[in-house]
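Enquirer: Submitted below is the structure of interest, expressed as structure tokens.
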2 protein chains.
Amino acid sequence: MKKAIFTTEISMLRSTMQRLLRRKADTNLTKILRKTHQADVALIMRGLNQYEQKKIFTLCPTAKHKARLLEELDDSIIENVLKFESAKNISKVFRYLDTNDQAFIAGMFDLDKQKDVLSIIEEEDLEEVEEIMSYPDDSAGSIMTKETFTLNQNITVKEGIKKLQSFPENDKIFYLYVLNNKEKLVGVVSLRTLVTSKNTKKLKDIMIKEIQAATTQTDQEEVAKKVAQYNYLALPIVNRQNKFLGIVTIDDVVDIIREEASEDFLQMAGVGKDREILLKTPFENAQSRAPWILASLFGGICAAAIIGYFNVLLEQIIILAAFIPVIIGIGGNIGTQSSTIIVRGLATGRVDVANTFPLIFKEIIVGAILGAFYGFLVGASSSYITKSSLEDLGIVIGLSIFCSMTIATAVGASVPIILQKLKIDPAISTGPFVTTAIDIIGVALYFLIASTILLN
Amino acid sequence: MKKAIFTTEISMLRSTMQRLLRRKADTNLTKILRKTHQADVALIMRGLNQYEQKKIFTLCPTAKHKARLLEELDDSIIENVLKFESAKNISKVFRYLDTNDQAFIAGMFDLDKQKDVLSIIEEEDLEEVEEIMSYPDDSAGSIMTKETFTLNQNITVKEGIKKLQSFPENDKIFYLYVLNNKEKLVGVVSLRTLVTSKNTKKLKDIMIKEIQAATTQTDQEEVAKKVAQYNYLALPIVNRQNKFLGIVTIDDVVDIIREEASEDFLQMAGVGKDREILLKTPFENAQSRAPWILASLFGGICAAAIIGYFNVLLEQIIILAAFIPVIIGIGGNIGTQSSTIIVRGLATGRVDVANTFPLIFKEIIVGAILGAFYGFLVGASSSYITKSSLEDLGIVIGLSIFCSMTIATAVGASVPIILQKLKIDPAISTGPFVTTAIDIIGVALYFLIASTILLN
């Protein structure tokens, strides 16, 4: 019995394949490819350079094998291995791909090549591929599979089983969708119900009529949430007239959930949302990160201008400079906590957008509790830390930390909610933007409090 | 046909239920509960207070209905609604729960209540519940379901179908697991293969023999990764002797993936890993966040001590203080980018732990590219920003930004990898720890560079 391949084994296999690539041991490589699951090969290819990736793809023994590998590969690796492949070769591989994968890959090519590929695609697939390509990116329509199994509501159980037996093997048959004569979705029958019902019964008498469906325009994230929430294995996709068009299956939903989580992580850290950033060259990588750095640069320059403005105060009480890092650091820290909690709550449905005031208020209370605690702590010890004999320094530091932390929670909790209401992805807020805002507010507050208390 | 309930409808339904709760309109509430999917009720209950949650649970029309609701509820809400429920009432509801859910909930109670509940659990379930409770938290054993369907390899297709028909309805039948006479897992048959094979064939002749399995001790995250990677619907769980014990199903895997992502998000923001933090009181919330704030407090105090040490330099060149925020801010920003990319890569398997040096090196190159660019930008404009006439100020600022960003990428990329190698969750590094380290290093570097260049 073959056990699951674990991470260390993937690394070992990668080293072996790299060694064989260097030695140009093509026969051995093909032998390994024949024995290894394409999902594992896809993982291994992430660690190879573009030339090696292309070579591995070429060495796959059959067009079918190549198709199974394409299904598992990252987008940028697909682009790389197919870049110089002729339209004819591509169409050979396409024969083994679902129409939604064909549509997805064809969408990657420039228009000329796309036309070439579409022109030699199998006749029976072309219409479906063009249909799927016509739906907006990230919509249910663009990810649905058309390879599914439908039955008319008026046939009997016996006829249903017979039809199922003549349908080509496909492990994506989760439910049997039942349509009326106008191809509208009217019910669903599980394989198990079909097998365990009387042969003479009609499908319309055994089907479940209360079914949930999404339309082709529904956002893929919304589809994923529904499937996860109700523990479905697949969700049928219909058009506005309830005509059955295809299904989105749970394995695609798993991919969507993982991808969306990755994108949210990167967004929140201010890296953009390119999941494949690890596969980029340092220069491309720097390019996609540069704009996000600008936010903190802007904040830093504002802070510099503010501190410059207070230079007379600073000249008199030089020790104030020492506490700049702790005040903006601790504010940034708690503000990031707040925005992360809210952004994640919005993503998982734990935050109710209609009723956010209590939530923001609660965050502010948390900020005040922690601000009072840490403000007192740092304030009380500030003279010891800097060996300063300045009276009232502790009060300035403590009060500034308290205010900075309280305001940071308010900003951190509100910004994602405001962005969500403006229909902007709230994840982008949690990265540089919230900390930048808090940097500026923190510094300004600190010097205002200091000049009010110390210059009297 | 019932359509999926979307977010706005959930909010509306919540307001309605809150109104009915205030009016004590119990009959109306029960009517609503009867019509609403328990997954939706679970979402709604997140926005209710503890008293309201308990009331809704009590109003569910049947024990079966309560069981379906418990399956969907968050852990802390389950604890709340069952807190004052008698062991007898709990056991009535338990009859409708899978043994893994029974084990999970029983594990929440204190030992006394646990004993009470286990003592009146159904005889046939008790052994399974106790077995599942004996596996470590977050292991495959602790989340597996025992309610599954197995067949002996020597029976025929016809006998198999008959057995299936007599098995109580259960939508968790994804595959039929085939065992030998010693209850060891030897193969798997899809429902479809069973239905479409000749009646007289034996299962051992139609089963797939190459199957992947996990053991009860396998980490649940590892199970989730396998299921997602190979597009399985379920993974069988065996003991060390390959005896079949149960399965982990894809709907549980979806939950694991979502939960792990949420935990990683919170860890990375330095909030601990309590997914239900939004359900906590402000004081509990502050308690679980306080320790993570300490990290940035520590960093801030170190920075204060460093700046205090350079107070003679600072007295002479007061304008240096103005650039403290930009230098630590921009370093923290790019360092967080690096650590997020690596942490996420480790979580999704994109980072190969065996070969991390090129990765860290690439991050450093990115840091140097962006450091050179932004260092030049801020350095060149520093005199304008602060209207300072100090020569060489631009060089100090530019060089400090360059060094700070380069080192920040090195720290940001290395820390998670080191933690991973030490078998500590790398997600905890990306929050306060990396930024704190970068704060300290950034300030120290800045003043060292300034004193070297400006005091000559």
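The values are calculated or read from the model by the stated rules, or taken from the named source; none is laboratory data. No experiment lies behind these values; they were computed from the predicted model shown. Neighbour counts run over all protein chains shown; Cβ positions are idealised from the backbone, glycine included.
Enquirer: Test B:ILE56 against the stated conditions and say whether it is within 22 Å of B:LEU126 (Cα to Cα), more than 13 Å from chain A (Cβ to nearest Cβ) and surrounded by 19 or more Cβ atoms within 10 Å (Cβ to Cβ).
Expert: no
Enquirer: What residue, of A:ASP219, A:ASP205, A:ASP137, is of a type outside the set (S, T, N, Q), more than 25 Å from B:PHE174 (Cα to Cα) and away from chain B (no Cβ under 12 Å)? Even if it seems obvious, please write down each step before you answer.
Expert: Details: A:ASP219 fails: away from chain B (no Cβ under 12 Å); A:ASP205 fails: more than 25 Å from B:PHE174 (Cα to Cα).
Exactly one residue qualifies, and that residue is A:ASP137.
Enquirer: Additional query: Mind counting the residues in the range B:228-280 that are assigned to a loop (DSSP other than H, G, I, E, B), more than 9 Å from chain A (Cβ to nearest Cβ) and farther than 30 Å from B:VAL434 by Cβ?
Expert: Summing the residues that are assigned to a loop (DSSP other than H, G, I, E, B), more than 9 Å from chain A (Cβ to nearest Cβ) and farther than 30 Å from B:VAL434 by Cβ in the range B:228-280 gives 3.
Enquirer: Would you tally the residues in the range A:407-440 being surrounded by fewer than 23 Cβ atoms within 10 Å (Cβ to Cβ) and over 26 Å from the mean Cα position of the chain (by Cα)?
Expert: 3
Enquirer: Answer yes or no as to whether B:ASN355 is among the polar types (S, T, N, Q), in the same structural domain as B:THR409 (by TED's automatic domain parsing) and either at pLDDT 90 or above or crowded, with 22+ Cβ neighbours inside 10 Å (or both).
Expert: No: the conditions fail for B:ASN355.
Enquirer: For the range A:179-193, which positions are on the phi < 0 side of the Ramachandran plot and either away from every other protein chain (no Cβ under 12 Å) or more than 34 Å from the chain's Cα centre (by Cα) (or both)?
Expert: Hits for the range A:179-193 are A:LEU179, A:ASN180, A:ASN181, A:LYS182, A:VAL189, A:ARG192, A:THR193.
Enquirer: Suppose the filter is in contact with a Leu (Cβ under 8 Å, 6 or more places away or on another chain), within 14 Å of another protein chain (Cβ to nearest Cβ), within 30 Å of A:LYS184 (Cα to Cα) and in a helix (DSSP H, G or I); does A:LEU164 pass it? Walk me through it before giving the result.
Expert: On the way: in contact with a Leu (Cβ under 8 Å, 6 or more places away or on another chain): yes; within 14 Å of another protein chain (Cβ to nearest Cβ): yes; within 30 Å of A:LYS184 (Cα to Cα): yes; in a helix (DSSP H, G or I): yes.
The answer is yes for A:LEU164.
Enquirer: From the list A:ILE360, A:ILE330, pick out the single residue that is in the same structural domain as A:ALA303 (by TED's automatic domain parsing), in contact (Cβ under 8 Å) with a residue 60 or more places away in the chain and of a type in the set (Val, Ile, Thr). Spell out how you get there, then give the answer.
Expert: On the way: A:ILE360 fails: in contact (Cβ under 8 Å) with a residue 60 or more places away in the chain.
It is A:ILE330.
Enquirer: Is it the case that the range B:10-33 has a residue that's closer than 30 Å to A:MET207 by Cα, within 14 Å of chain A (Cβ to nearest Cβ) and crowded, with 18+ Cβ neighbours inside 10 Å?
Expert: Scanning the range B:10-33, I find at least one residue that is closer than 30 Å to A:MET207 by Cα, within 14 Å of chain A (Cβ to nearest Cβ) and crowded, with 18+ Cβ neighbours inside 10 Å, so the answer is yes.
Enquirer: Given A:LYS226, A:LYS201, which one is over 15 Å from A:GLN153 (Cα atoms) and either surrounded by 21 or more Cβ atoms within 10 Å (Cβ to Cβ) or not assigned by TED's automatic domain parsing to the domain that holds A:GLY412 (or both)?
Expert: Just one listed residue meets the conditions, A:LYS226.
Enquirer: Further question: Quick check on the range B:281-296: of everything there that is crowded, with 21+ Cβ neighbours inside 10 Å and touching a Pro at 6+ places or on another chain (Cβ under 9 Å), which residue is nearest to the other protein chains (Cβ to nearest Cβ)?
Expert: Looking at residues that are crowded, with 21+ Cβ neighbours inside 10 Å and touching a Pro at 6+ places or on another chain (Cβ under 9 Å), I get B:SER296.
Enquirer: Let me ask something else about it. Only one of (1) assigned to a loop (DSSP other than H, G, I, E, B); (2) within 38 Å of the chain's Cα centre (by Cα); (3) over 28 Å from B:GLY349 (Cβ atoms) fails for B:GLN217. Which number is that?
Expert: (3)
Enquirer: For the range A:355-406, name all the residues that are among the hydroxyl-bearing types (Ser, Thr, Tyr) and over 43 Å from the mean Cα position of the chain (by Cα).
Expert: Within the range A:355-406, A:SER381, A:SER382, A:SER383, A:TYR384, A:THR386, A:SER388, A:SER389 qualify.
Enquirer: What residue, of B:ASP98, B:ASP110, B:ASP138, is acidic (Asp, Glu) and out of contact with any Asp or Glu (no Cβ under 9 Å at 6 or more places or on another chain)? Break it down stepwise before answering.
Expert: Numbers: B:ASP98 fails: out of contact with any Asp or Glu (no Cβ under 9 Å at 6 or more places or on another chain); B:ASP138 fails: out of contact with any Asp or Glu (no Cβ under 9 Å at 6 or more places or on another chain).
Selected residue: B:ASP110, the only one of B:ASP98, B:ASP110, B:ASP138 that is acidic (Asp, Glu) and out of contact with any Asp or Glu (no Cβ under 9 Å at 6 or more places or on another chain).
Enquirer: Of the residues that sit in the range A:331-352 and are of a type in the set (Ser, Thr, Tyr) and more than 7 Å from chain B (Cβ to nearest Cβ), which one is surrounded by the fewest Cβ atoms within 10 Å (Cβ to Cβ)?
Expert: Checking each candidate, the answer is A:SER338.
Enquirer: So, in the range B:358-403, of the ones that are touching a Phe, Trp or Tyr at 6+ places or on another chain (Cβ under 7 Å) and closer than 15 Å to B:GLY442 by Cα, which residue ends up surrounded by the fewest Cβ atoms within 10 Å (Cβ to Cβ)?
Expert: Within the range B:358-403, the match that is surrounded by the fewest Cβ atoms within 10 Å (Cβ to Cβ) is B:GLY398.
Enquirer: Do we find that B:LEU48 is crowded, with 17+ Cβ neighbours inside 10 Å, in contact with a Pro (Cβ under 8 Å, 6 or more places away or on another chain) and not aromatic (Phe, Trp, Tyr) in this structure?
Expert: So B:LEU48 does not fit the description; no.
Enquirer: Moving on to the next point. Can you tell which of B:ILE407, B:ILE418 is on the phi < 0 side of the Ramachandran plot, more than 12 Å from every other protein chain (Cβ to nearest Cβ) and at pLDDT below 95?
Expert: B:ILE418
Enquirer: Could I ask something else about it? Hey, can you tell me all the residues within the range B:362-389 that are closer than 30 Å to B:ALA228 by Cβ and either assigned to a loop (DSSP other than H, G, I, E, B) or more than 7 Å from every other protein chain (Cβ to nearest Cβ) (or both)?
Expert: Passing the criteria: only B:GLU363.
Enquirer: Answer yes if at least one residue in the range A:117-125 is among the polar types (S, T, N, Q), surrounded by fewer than 20 Cβ atoms within 10 Å (Cβ to Cβ) and either over 25 Å from A:ASP205 (Cα atoms) or touching a Lys or Arg at 6+ places or on another chain (Cβ under 7 Å) (or both), and no otherwise.
Expert: Yes, the range A:117-125 has at least one match.
Enquirer: Sticking with this structure for a sec: Answer with yes or no whether A:ILE328 is closer than 26 Å to B:THR336 by Cβ, surrounded by 23 or more Cβ atoms within 10 Å (Cβ to Cβ), facing chain B (nearest Cβ under 8 Å) and β-branched (Val, Ile, Thr).
Expert: When the stated conditions are applied, A:ILE328 passes them.
Enquirer: Can you name every residue in the range A:239-253 that is surrounded by 23 or more Cβ atoms within 10 Å (Cβ to Cβ) and free of Cβ contacts under 8 Å to residues at least 60 places away in the same chain?
Expert: A:VAL253
Enquirer: Residues that are assigned to a helix (DSSP H, G or I) and hydroxyl-bearing (Ser, Thr, Tyr): does the range A:190-211 have at least one?
Expert: Yes, some residue in the range A:190-211 is assigned to a helix (DSSP H, G or I) and hydroxyl-bearing (Ser, Thr, Tyr).
Enquirer: Also, quick follow-up: Can you give me the number of residues within the range B:297-325 that are touching a Pro at 6+ places or on another chain (Cβ under 6 Å) and surrounded by fewer than 19 Cβ atoms within 10 Å (Cβ to Cβ)?
Expert: 0
Results for (1) over 16 Å from A:ALA213 (Cα atoms); (2) of a type outside the set (Asp, Glu); (3) modelled with pLDDT of 80 or more, shown as yes or no for each residue.
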| position | (1), (2), (3) |
| --- | --- |
| A:ASN154 | yes, yes, yes |
| A:GLY160 | yes, yes, yes |
| A:GLN165 | yes, yes, no |
| A:VAL189 | no, yes, yes |
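Enquirer: Now for a different question. One residue is enough: does the range B:297-308 have a residue meeting the conditions over 15 Å from A:VAL326 (Cα atoms), assigned to a helix (DSSP H, G or I) and facing chain A (nearest Cβ under 7 Å)?
Expert: No, the range B:297-308 contains no residue that is over 15 Å from A:VAL326 (Cα atoms), assigned to a helix (DSSP H, G or I) and facing chain A (nearest Cβ under 7 Å).
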